[in-house]
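Participant: My structure is below; once you've seen it, I'll send some questions.
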Amino acid sequence: MKATLVWRLGAALVAALAGLGALGVGHWVAERAERQAAGQAAQSAAAYLAFVTPAAAGSLEYDLARLLALARGLNTIPGWTGQVEVFHGTAPLIRATAPPLPPDLFATLRDREAAIAHGDVMLVPLKDRDDWDVVGAVAVRRGGVAPPMLGGWDLVVLALLAVTGALAVRLPRGGTVACMLAATLAGLSGYRQAVVASRKSTDQWLERARVLIEDAGSRVSPRAAAVMIPKLSAFVRGAELVPSDSGTGVIRRSEVAGLPRAEVRVLVAQRRWLAVRVLPGEAGVSGWRILALGVAGLGPALVALLGWLSRARARPRARRETLTAWTFLAPAALHLAVFAFAPIGFAAYLALHRWSPIEPVRPFVGLDNFTALARDPLVWVSLRNTLLYTLHVPVAMTIALGIALALQHRSRTTRIARAVFFLPYVSSVVAIALVWQWMYHADFGLLNYLGSLVGLAPVDWLGNPKTALVAVMIVSIWVQVGYQMVVFLAGLQGIPQAYLDAARVDGASPWQRFRYVTVPLLRPVTLFVLVTGVITSFQVFTLIYVLTDGGPLHATDVIVYRIYQMAWEFLQFGGASALSLVLFVLLLGVTWLQFRMLGRRVEYA
């Protein structure tokens with residue numbers, strides 16, 4: 001009874017710690033958004049001071065008295081939120097009794113000229129009026145964005161995780177499912193913290209930038225407003241500052257050119273409005289959802305392991321054997337998880353987003369990528385070409401089986417012939433494609449030269465849409481025949497000679513022995529070669545890329561080449577991932593067919 005209680009407490013602790021880790025991920029992202037908002041506000045305040053502070057007489061340096069007055073007035077501007085401190089050199093201007101800026105930190109600001117976290121404030125360099133030398137710093141205190149670590153319903157979620165984790169030890173099925181649901185809730189709760197904080201950080205910065213721009217605009221004449229508008233872009237670095245219609249100054253979300261934007265209208269001068277548009281912070285945190293759910297999911301996995309250990313304690317031998325087996329399987333399982341399952345999961349994530357390396361945001365689009373594929377005629381053309389290209393597989397199999405029958409007897413000549421036929425399969429595909437490209441050349445290719453000897457007209461093998469795909473199929477047959485021959489040879493050598501001798505004694509001719517003895521017994525090998533050949537043909541890329549580049553007129557545009565073009569030429573990674581998942585489903589169906597058809601084994605007795 002005591003041991004059972006220990007297992008349950010351990011499971012409850014593990015589940016709660018995993019949930020705490022998921023909440024911690026959300027809290028870390030929220031604090032990062034808070035630091036970013038404070039750094040952006042400090043950058044806007046530094047640009048504001050550089051704009052409104054006049055220079056000292058005969059110098060590019062600031063008028064120190066005016067800088068002191070304007071710095072102290074920052075915290076009193078109507079609508080401004082947050083505490084600001086301005087340093088001239090390392091000396092504070094607003095609070096004279098505050099400690100000076102550490103010299104090494106000021107030196108770092110001069111070298112990096114970027115926002116730096118210092119305690120609970122964000123520091124940015126303050127440059128002179130010529131925007132050349134760093135003469136001070138502006139600090140803005142963080143706050144108002146990140147929620148407390150265990151606030152709201154977080155404690156309730158952790159308690160629920162602990163209860164379901166303990167329950168999973170007693171009720172393995174129902175308890176584990178309940179623990180998984182609670183872990184999902186914890187992961188979504190952590191992700192929600194990140195989304196809310198990122199949204200607040202964007203709103204906070206836009207509101208502060210609006211206040212500073214409006215105050216700066218009120219200090220110049222309406223006639224000078226048109227001249228100063230380009231200079232105001234320094235207030236909102238990383239954002240767009242564009243002319244706009246009148247507005248209310250309320251922050252709103254919209255889409256501009258298909259991209260999400262957070263926007264606020266700013267009154268710069270009399271009857272002159274600008275719009276500040278920026279990528280909303282919440283648009284860039286969707287990837288953290290996967291991490292938060294993954295960390296939370298560790299809890300149910302470890303709870304299931306603890307439950308199994310608690311039930312297996314009465315069977316030490318079985319537990320020891322299972323643990324030993326998983327110890328040996330762990331490296332292979334980890335390899336599969338990292339290099340197989342993780343890429344498939346990432347491809348599924350990309351397929352549900354509009355993801356491009358040149359776009360700053362990757363919005364969730366659901367099944368829009370799949371809908372676009374269904375409407376794209378080139379996708380259907382590539383699918384048709386792939387299916388037509390696959391027709392070379394039975395031709396190659398027939399040739400390979402004939403060669404295997406001719407070379408199944410062991411002799412020095414047959415061994416050399418086997419090596420010759422197998423050599424193309426182990427050669428570089430690029431080298432093979434380049435050689436055949438020369439042989440197919442319309443003007444001086446070897447095939448057209450041989451044809452001219454018998455009076456045939458030259459053929460543009462790779463430049464004619466009617467012959468390009470056939471030409472690639474011929475190369476594929478030449479490459480694959482050697483491998484298929486080796487597999488058929490192994491199958492022929494596995495057929496008991498007694499069956500063939502018995503058929504010969506019964507008066508069967510060579511054709512009858514081949515038809516009624518060899519072919520049925522080669523059925524597993526034939527199906528294996530057929531299915532693997534189809535899978536390989538669906539994945540063809542290198543031959544197409546080198547020989548035809550998908551042309552002419554998309555005559556050789558196959559699925560994998562279409563995926564490559566969408567991803568690396570058009571930079572549509574979402575659509576390319578969606579098409580790769582379609583290919584994955586097709587290959588999965590072929591693999592399922594393989595297991596179904598190869599389930600019936602042939603026994604040699």
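Participant: Which angle from 0 to 90°, rounded to the nearest 10, does the C-alpha axis of helix 392-406 make with the longest principal axis of the chain?
Facilitator: Helix 392-406 and the main axis of the chain meet at about 40 degrees.
Participant: Rounded to the nearest 10 degrees, what's the angle between the helix 523-538 long axis and the longest principal axis of the chain, both from Cα atoms, 0 to 90?
Facilitator: Long axis of 523-538 versus the principal axis of the chain: about 40 degrees.
Participant: Please report, in whole Å, how far the alpha carbons of the range 324-435 spread along each principal axis, starting with the longest.
Facilitator: The Cα atoms of the range 324-435 stretch 65, 52, 25 Å along their principal axes.
Participant: Using a 10 Å cut-off on Cβ atoms, rank the peptides 16-26, 289-299 from the highest mean neighbour count down. Don't skip to the answer; put the middle values down first.
Facilitator: Working: 16-26: 24.1, 289-299: 21.2.
Taking the mean over residues of other Cβ atoms within 10 Å, the ranking is 16-26, 289-299.
Participant: Still on this structure: Given 10 Å bins starting at zero, what is the percent of C-alpha pairs of the range 1-151 in each, up to the one with the largest pair distance?
Facilitator: Using 10 Å bins, I get a P(r) of 11, 33, 25, 12, 8, 6, 4, 1, 0 for the range 1-151.
Participant: Give me the net charge of Arg277's neighbourhood, meaning all other residues with Cβ under 14 Å from the Cβ of Arg277; Lys, Arg count +1, Asp, Glu -1.
Facilitator: Numbers: positive: Arg210, Arg237, Arg252, Arg253, Arg261, Arg265; negative: Asp203, Glu240, Asp245, Glu255, Glu263.
The answer is +1.
Participant: For mean projected area of the Cα convex hull in nm², the listed values are (1) 45.4; (2) 26.4; (3) 32.7; which was obtained by calculation from the structure presented?
Facilitator: (1)
Participant: Still on this structure: State in Å² the accessible area per residue of the chain; use a 1.4 Å probe, count heavy atoms of protein chains only, and round to the nearest integer. Could you put the intermediate results ahead of the total?
Facilitator: Details: 32070 Å² over 605 residues.
Computed with neighbouring chains in place, this is 53 Å² per residue.
Participant: Hey, what angle do you get for helix 377-390 against the long axis of the chain, alpha-carbon based, 0 to 90 degrees rounded to 10?
Facilitator: For helix 377-390, the angle is close to 30 degrees.
Participant: Which order do peptides 115-123, 76-84 fall in by mean Cβ count within 10 Å, highest first?
Facilitator: Working: 115-123: 17.8, 76-84: 14.7.
Packing order, densest peptide first, comes out as 115-123, 76-84.
Participant: Still on this structure, please answer the following. Using Cα-only point scatterers and the Debye equation, what is log10 of I(q)/I(0) for the range 58-144 at each q in 0.14, 0.19 Å⁻¹, rounded to two decimals?
Facilitator: Evaluating at q = 0.14, 0.19 Å⁻¹ gives log10 I(q)/I(0) of -0.48, -0.88.
Participant: Does the range 319-386 come out rounded, prolate or oblate, given a ≥ b ≥ c as the square roots of the eigenvalues of its C-alpha gyration tensor, rounded meaning a/c under 1.5 and, failing that, prolate meaning a/b above b/c? Could you put the intermediate results ahead of the total?
Facilitator: On the way: a/c = 3.77, a/b = 2.16, b/c = 1.75.
Since a/c reaches 1.5 and a/b is larger than b/c, the shape of the range 319-386 is classed as prolate.
Participant: While we're on this one: Arg515 accessible area, nearest 10 Å², 1.4 Å probe?
Facilitator: Its accessible surface works out to 120 Å², give or take rounding.
Participant: Let me ask you something else. Let me cross-check Asp368: its accessible surface, 1.4 Å probe, with only protein heavy atoms counted, in Å² to the nearest 10?
Facilitator: Probe radius 1.4 Å; accessible area of Asp368 about 90 Å².
Participant: Output the peptides 569-575, 138-144 sorted from most to least packed, where packing is the average of other Cβ atoms within 10 Å over each peptide's residues. Please list the in-between numbers first.
Facilitator: Working: 569-575: 17.9, 138-144: 20.7.
Those peptides, ordered most packed to least, come out 138-144, 569-575.
Participant: Say R0 is 60 Å: what FRET efficiency, to the nearest 0.05, do His335 and Arg95 get from their beta-carbon distance?
Facilitator: On the way: r = 58 Å, r/R0 = 0.97.
For His335 and Arg95, the calculated efficiency is 0.55.
Participant: Could I ask something else about it? Round to the nearest 10 and report in Å² the accessible area of Met149, as given by a 1.4 Å probe over the protein chains' heavy atoms.
Facilitator: Counting only protein heavy atoms, Met149 exposes about 60 Å² to solvent.
Participant: Mean separation of Cα pairs under 8 Å and 6+ residues apart, divided by the residue count of the range 150-192: what relative contact order is that in percent?
Facilitator: Details: 26 pairs, mean separation 16.5, N = 43.
Reported as a whole number, the value is 38 percent.
Participant: At what distance in nm do the modelled label points of Thr324 and Thr413 sit from each other, each positioned 7 Å from its Cα along Cα→Cβ?
Facilitator: If labels sit at Thr324 and Thr413, their model points lie 5.5 nm apart.
Participant: Moving on. To the nearest 0.05, how large is the calculated FRET efficiency for Leu181 and Val242 if R₀ is 60 Å and r is the Cβ-Cβ distance?
Facilitator: Values: r = 47 Å, r/R0 = 0.78.
My answer for the efficiency is 0.80.
Participant: Test of understanding: what is the full-extension gain from Leu423 to Ala374, defined as 0.36 nm times their sequence separation minus their Cα-Cα distance? Before the final figure, lay out the partial values.
Facilitator: On the way: separation 49, 0.36 × 49 = 17.64 nm, distance 4.07 nm.
That pair, Leu423 and Ala374, stretches by 13.6 nm at full extension.
Participant: What FRET efficiency do you get for Leu527 and Arg173 if R0 is 41 Å and r is their Cβ-Cβ distance, rounded to the nearest 0.05?
Facilitator: Details: r = 38 Å, r/R0 = 0.93.
Rounded to the nearest 0.05, the efficiency is 0.60.
Participant: If you build the Cα gyration tensor of the range 454-605 and take the root of 5 times each eigenvalue, what three semi-axes come out, in whole angstrom, biggest first? Please report the intermediate quantities before stating the final value.
Facilitator: Values: eigenvalues 318, 108, 19 Å².
Largest first, the range 454-605 gives 40, 23, 10 Å.
Participant: I would also like to ask the following. Averaging sequence separations of C-alpha pairs under 8 Å and six or more residues apart, then dividing by the length of the range 1-123, give the relative contact order as a whole percent.
Facilitator: Details: 73 pairs, mean separation 22.0, N = 123.
In percent, rounded to a whole number, it is 18.
Participant: Roll a 1.4 angstrom probe over the protein heavy atoms and tell me the percent of accessible area of the range 243-289 that is carbon or sulfur. Can you show the working numbers first?
Facilitator: Numbers: 1140 of 2340 Å².
Using a 1.4 Å probe with all protein chains present, the range 243-289 comes out at 49 percent carbon and sulfur.
Participant: Quote the Stokes-Einstein diffusion coefficient, in whole µm² s⁻¹, for the range 121-174, based on the Kirkwood radius over alpha carbon pairs, a temperature of 10 °C and a viscosity of 1.306 mPa s.
Facilitator: Values: Rh = 15.9 Å.
Result for D is 100 µm²/s.
Participant: Assuming 0.36 nm per residue, please report the length gained on full extension of the stretch Arg504 to Ala117 beyond their Cα-Cα distance.
Facilitator: Taking 0.36 nm per residue and subtracting the Cα distance, the gain is 130.4 nm.
Participant: If you roll a 1.4 Å probe over the range 78-191 with all protein chains in place, what percent of the accessible area is carbon or sulfur? Working shown, then result.
Facilitator: Numbers: 3670 of 5840 Å².
Carbon and sulfur atoms account for 63 percent of the accessible area of the range 78-191.
Participant: Relative contact order, percent, of the chain when contacts are C-alpha pairs under 8 Å separated by at least 6 residues? Don't skip to the answer; put the middle values down first.
Facilitator: Values: 907 pairs, mean separation 85.5, N = 605.
Computed value for the chain: 14 percent relative contact order.
Participant: Given the DSSP H assignment, sum -39500 (n - 2.57) over each helix run of at least 4 residues in the chain and divide by its residue total; what's the result at 222 nm in deg cm²/dmol, nearest 500? Mind showing how you got there, number by number?
Facilitator: Values: 22 runs with 364 residues, N = 605.
Helices in the chain give a 222 nm mean residue ellipticity of -20000 deg cm²/dmol.
The values are calculated or read from the model by the stated rules, or taken from the named source; none is laboratory data. Predicted, not measured: the structure shown is a model, and the values here were computed from it. Here the Cβ is made from the backbone with ideal geometry for all residues, glycine too, and neighbour counts use every protein chain on show. Accessible surface is based on the protein model in full, side chains and every heavy atom, while ligands, DNA and RNA are left aside. Shrake-Rupley method; radii C 1.70, N 1.55, O 1.52, S 1.80 Å.
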